[in-house]
Amino acid sequence: MASSKGRRRRREGVAALPVTITDAALARRRKRSRQRRRLWRRLAVLGTALLLAVVITWLVAFSPVLAAKRVQVSGVQVLSAPSVTQAAAVPLGRPLARIDTATIAQRVAALPQVEKVHVNRAWPHTVTIAVTERTPVLQRRDAGTWHWVDATGRSFHQTPEPKAKLVVVEAPADQRILRDCATVSASLSPKLRQALHKMSATSPDTITLHLSGGRTVIWGSAAESDTKSQVATALLGVKATVFDVSSPANPTSR
């Protein structure tokens, strides 16, 4: 009897074995199916992202949808906006993303009146050009034309008439001399500037101020200009027509 029960249990165990194998195979198939679905979803997402990237690249860099259609110029007073636009030579119709702003800036910076320039894209259709013009600190006459000179001694603009309240200088067209004269001009006290008629120089060491009332100030070089300005201002109270501050520690008057 016991032997009969043992045989029955063994038969039941053998019968259960195929069921266990079938369940394991089914689980593996389900797992592979889930993995394939995840893979296809990932591929679909990747493909969609790639397609979007291609479309966006085409829209931005190659299509006329975001092309340059206008140029906006700011910061000009001596120059005109059309003259800057002409010098910039922006290729209208080209997509903004492919506009070479550095090259445009170089072309505008070549204008004598321009000190600094910034070129940017203003989406969707505009190229902006912000100009900082040179500031005149001196003016010199040459062949009947007045030349404006900035703090670096560079002549950058011409006018037929002198500019009011701008210091007049009589000097050769030498950037070093004109730069030193500009340094002296920047150092002048309000009292000296008010009395100033003109400046003159034939070399960097012969700068002279010509004041109202026939007075002159021998300045010498542009060295120690702040100190020379203080000394010269103090000497204006002395009854004299010539003041020499070329050596500010030992000024003279006569």
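Scan segment 36-62 and report the pairs whose first residue is outside any helix (DSSP H, G or I) and whose second residue is modelled with pLDDT of 65 or more, with Cβ atoms within less than 8 Å and a gap of 6+ or a chain change.
Close Cβ pairs (under 8 Å, with a partner that is modelled with pLDDT of 65 or more) amount to 62/95.
Within segment 171-205, can you find the residues that are surrounded by fewer than 21 Cβ atoms within 10 Å (Cβ to Cβ), over 34 Å from the mean Cα position of the chain (by Cα) and closer than 20 Å to residue 142 by Cα?
Within segment 171-205, 197, 198, 200, 202, 203 qualify.
Check off (1) exposed (fewer than 13 other Cβ atoms within 10 Å of the Cβ); (2) in contact (Cβ under 8 Å) with a residue 12 or more places away in the chain for residue 143 and give me the number that stays unchecked.
The number of the failed condition is (2).
Among the numbered criteria (1) closer than 18 Å to residue 179 by Cα; (2) surrounded by fewer than 19 Cβ atoms within 10 Å (Cβ to Cβ), which one does residue 214 miss?
(1)
The values are calculated or read from the model by the stated rules, or taken from the named source; none is laboratory data. Because the structure is predicted, anything quoted here is derived from the model rather than measured. Reconstructed Cβ throughout: ideal geometry from the backbone, glycine too, with neighbour counts over all protein chains shown.
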